[in-house]
Amino acid sequence: MRNSLKLFILTVLIFAVHIVAKAQRVGLPRLNRTVSEEALVDYTSPKDYIIGGIVVTGAKFLDPNTLISVSGLNVNDEIKIPGERISTAIKRLMDQGIIEDVSINITKVEGKTVFLELALKERPRLNKIVLNGIRKGEKETIEEKIKTYKGKVITDAMVKNIQNIVKKHYLDKGFRNCAVQVQQIADTVRVNNAALVFNISKKSKVKINDIQLNGIKELPEWKVLSKMKGTKEKAPLRIFTPSKFVTKKYKEDKEKLISFLNKNGYRNAQIVSDSIYEVDDKNINIVLNVTEGNRFYYRNITWTGNYLRNSDTLALILDVKKGDLYNPEELEKKINGKPQQDVSSYYMDDGYLYFSCQPIETAIDGDSIDIEMRITEGKQATINKIILNGNTKTSDHVVLREILTKPGQKFSKTDLVETVQMLSKLGYFDPQKIDPKPVPQNDGTVNIEYNVEEKSNDNIELSGGWSGIQGIIGTFGIVFNNFAIRKILNLREYKPLPKGDGQRFSIRFQANGGFQNYSMSFTEPWLGGKKPNSFSVSLFHSVQDYSKIAERMQRLQGNSFNNPFLGGGFNSALYQGFFRNTGGSVTYGKRLNWPDRNFNFSTAFSYQYYDVENSFLLSNFRNGQAHDVSLGFNVSRYSLDNPQFTRSGSNISLNTTFNPPYSLFGTQKSGKLWIEGHKWMFDADWYAPVFGKLIFHAKGNMGFLGKYNSSTGYSPFGRFVIGGAGMGLQNTNSIGVELIGLRGYDEGVVYEATYNEKVEAAQATGTFSRTGGIIYSKYALELRYPVSLNPQATIFVLGFAEAGNSWGSYKDYNPFKLRRSAGIGARVFMAAFGLLGIDYGYGFDPIPGLQNQGRKAFTFSIGQQIR
């Protein structure tokens, strides 16, 4: 019995010593005292004391008063020593995560008064992060993500967070086996500072070798797997969706797979299990075990709560019939989907902002489901006020005049959605960041907040160079798309010109050798400020002096030389003429509300004066003066969702120009030509998403010249010149033609029937002309894919196939005889320079008699889409 008691006491003592030692190792609270204090304080018998003072030692960066406050101990507090208050104070200080060690010492005891010392050891601060094992560019990317940690106290949580950020960065790039080791190194120069060194081993990217899908019986397996956009098997031609394994995308794709099955009627489909196993260090296999369940169909759909709208009308809008495949996602779109095409718009366009409709499954019988549409109609809401946020450059009135949701009107979902489209069309804001928010008010009204983010949309063109033939080449052009003429006298608004009123001002100068071109235009989109009636004025003047070019070429190569641009050899002595063109136009336009708000109408009055001597540009008008007075009309419909990278919508326009029929009145005079006739041009673009980010674009263009009098012939000006990017013959106004691009061919060479004869004549006589056709057709198909949708640098790649031709007479017109081409290209939209494009095309139909058979592989375009 005595031995058992001794053994028990020994065991208790050993256990107590172990607990105390472990407590000190993990930093649990402890109260320290000196030998002299032990004579004053009996720790075996707790007593109450009054705190007479508290001092903090060891704190170099932390505020002592804050630390005392955190501890919970205060001067004049009554505490028990030893007691719970001391343990709690130490725990509270350690819980902050910024202290490495803390002890509370008794420095003095005077009767019932005790004086305490908080002895601290601070954790070091992070003054440097070192990333080893990765390239410089990768370091910069990761450092940007973790830069906010510098200067903060190093804690275990901080180290773990940085480690996770680094690992996630590489996991998202497919480095599934990435390892990150961390080492803390004290700074020998700066007191209480340290560096964290992260040794990163990315290892190899892990790719998906095989995906095994089990349990799919009815649907094609490939179709189900195609819904996993970010999780793909390795394949030789896989470019846009690489086969690297990313955990986040894999989780998202599993949800998409089930969603796809749900949309196809498999209401109870689920992934029973999935597994990922390594084939080797670089490859994994995935096994997905799926149960489809039964396929379901709609049976009866009933409506409740609809007191204001008829059930039959609602059913007609919903357009879901008995026997249709059960598809909850599609059903939701029909309830809350496109404006004017869904059930919610039927209510919300009449002010019922608080409308809601919940489809509830009321019965499941075999493969049939009954749905009850439970409607809450709510009250009509009128718009109280409009709030704008984010338009730091654009004036409020410019934004407000485009907004269709007006104060005092009933709320309308369609107006809200179309307002977003209107603001996108302006080009002043990032379309991705336009965010309208209805904010209900207590009085039953609603405020609408439009949150926008400004982007730069002014364009500048500045280039210069030297050519042995043309001499100094220079271009300066600038377009201000958000100009403010009313601030023109306010010098403080020049940044570099006044902005904010939505006006457009452009100016351009171009010169090279014997060519000079000057143009200027101004547009006010809201003439008078009350209605969207636009008013534009433009002026231009251009001169081409052939003698200067000929003289320079003669000095360089002698009297006879070859110039591929001009079609072969010619004698410089024949080129002593010029081509001058001066003109201007005034345009008035207005928006139409019928057939819908996307329609626009404009009319333009223009005048051009041509002075031509010995010109080779137009063989049917080589000498003389010509006056071109015309009245033009344009009807267009524009509904593109984003002008930089369009995903959906269309842009259709019909443009007509009429000159007076002078010949019918006998007013034509010898030596001066008064141009007469009419011109018709039709352009159409259509965009639609294919799948994912891939966009399909189709377009068609046609043009026709007409005449009033068969004896006068067609106008020598305004004809259609096809080929290249539609930019190689300088400016449209400067040469009196319409430039139409056709990739895969040289500038302006696509012309049918009589073109070869003109080339032969040019080579024989040393002259060359591009007359252009009186009729043309062009068609194109494109697939576009975005690389970057940053509004400051929108980049996308494309593949194209197009065909077109122009004809010199209606008798030769054959809409099926087209010059065909195909290729690839890229577009870069930069805020400062507009649209930059490069295409590589191959022309399938060579043009005989021309150098390289009229083909041109690379086509460049600046500041424009190829028409």
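A compact table of results
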{"quantity": "Pairwise centroid distance, computed over Cα atoms, of segment 521-542 with segment 143-198, Å", "calculated": "58 Å"}
{"quantity": "When each of Lys60/Lys150; Lys173/Lys203; Lys263/Lys693; Lys202/Lys693; Lys321/Lys410; Lys173/Lys234 is checked by Cα-Cα distance, pairs over 23 Å", "calculated": "Lys202/Lys693; Lys321/Lys410"}
{"quantity": "Pairwise FRET efficiency - Arg401 versus Asn623, Cβ, R0 = 60 Å, nearest 0.05", "calculated": "0.75"}
{"quantity": "Radius of gyration and maximum dimension Dmax of segment 320-450, Cα, Å", "calculated": "18.1, 62"}
{"quantity": "Per-residue HN-Hα couplings for segment 47-53 [Karplus 6.51, -1.76, 1.60; θ = phi - 60°; Hz; x = Gly/Pro]", "calculated": "10, 8, 10, 9, 6, x, x"}
{"quantity": "Extension gain from Glu613 to Phe860, taking 0.36 nm per residue of separation minus the Cα-Cα distance", "calculated": "85.8 nm"}
{"quantity": "Neighbourhood net charge (10 Å Cβ-Cβ; Lys/Arg +1, Asp/Glu -1) for Asp845", "calculated": "+4"}
{"quantity": "Cα-only radius of gyration and Dmax that characterise segment 142-186, units Å", "calculated": "11.3, 34"}
{"quantity": "Environment charge at Lys282 (Cβ cut-off 13 Å; Lys +1, Arg +1, Asp -1, Glu -1)", "calculated": "+4"}
{"quantity": "Whole-angstrom gap from segment 770-849 to segment 600-664, using each part's C-alpha centre", "calculated": "20 Å"}
{"quantity": "Simple spin-label estimate for Ser710 and Lys152 in nanometres, 7 Å along Cα-Cβ", "calculated": "8.7 nm"}
{"quantity": "Segment 50-162: Rg to Rh, with Rh as the Kirkwood radius over Cα pairs", "calculated": "1.18"}
{"quantity": "Three semi-axes of the equivalent ellipsoid, segment 171-286, Cα gyration tensor, whole Å, largest first", "calculated": "40, 16, 12"}
{"quantity": "For Gly649, distant residues with modelled amide H under 5 Å away", "calculated": "Tyr687"}
{"quantity": "Cross-link pairs Lys385/Lys499; Lys531/Lys778; Lys256/Lys699; Lys590/Lys811; Lys455/Lys531 - those with Cα-Cα distance over 30 Å", "calculated": "Lys531/Lys778; Lys256/Lys699; Lys590/Lys811"}
{"quantity": "Amide H partners (placed H, <5 Å) of Gln340, local residues excluded", "calculated": "Ser345"}
{"quantity": "Between segment 411-448 and segment 45-110, the Cα center-to-center distance that results, in Å", "calculated": "57 Å"}
{"quantity": "Residue order, fewest to most beta carbons within 10 Å, for Val721, Val75, Val56", "calculated": "Val75, Val56, Val721"}
{"quantity": "Cubic angstrom per residue, convex hull over Cα atoms of segment 187-250", "calculated": "158 Å³"}
{"quantity": "Formal net charge of residues neighbouring Asn127 (Cβ-Cβ distance under 11 Å; K, R +1; D, E -1)", "calculated": "+4"}
{"quantity": "Potential lengthening between Leu694 and Thr107 on full extension [0.36 nm per residue; Cα-Cα distance subtracted]", "calculated": "203.8 nm"}
{"quantity": "Net lengthening on full extension, Glu143/Lys234 (0.36 nm per residue, minus Cα-Cα)", "calculated": "29.6 nm"}
{"quantity": "Along each principal axis, Cα extent of segment 125-201, largest first, Å", "calculated": "40, 25, 19"}
{"quantity": "Residues Phe260, Phe605 arranged by fewest to most Cβ contacts within 10 Å", "calculated": "Phe605, Phe260"}
{"quantity": "Length-normalised contact order for segment 634-695 - Cα pairs under 8 Å, 6+ apart - percent", "calculated": "36 percent"}
{"quantity": "Order of Leu818, Leu404 under a 10 Å beta carbon neighbour criterion, fewest first", "calculated": "Leu404, Leu818"}
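Laboratory data are not the source of any read-out in this text; all were calculated from the coordinates shown. Everything quoted here is computed from the prediction, not taken from an experiment. With ideal geometry, Cβ positions are generated from the backbone for all residues, glycine too; neighbour counts draw on all protein chains shown.
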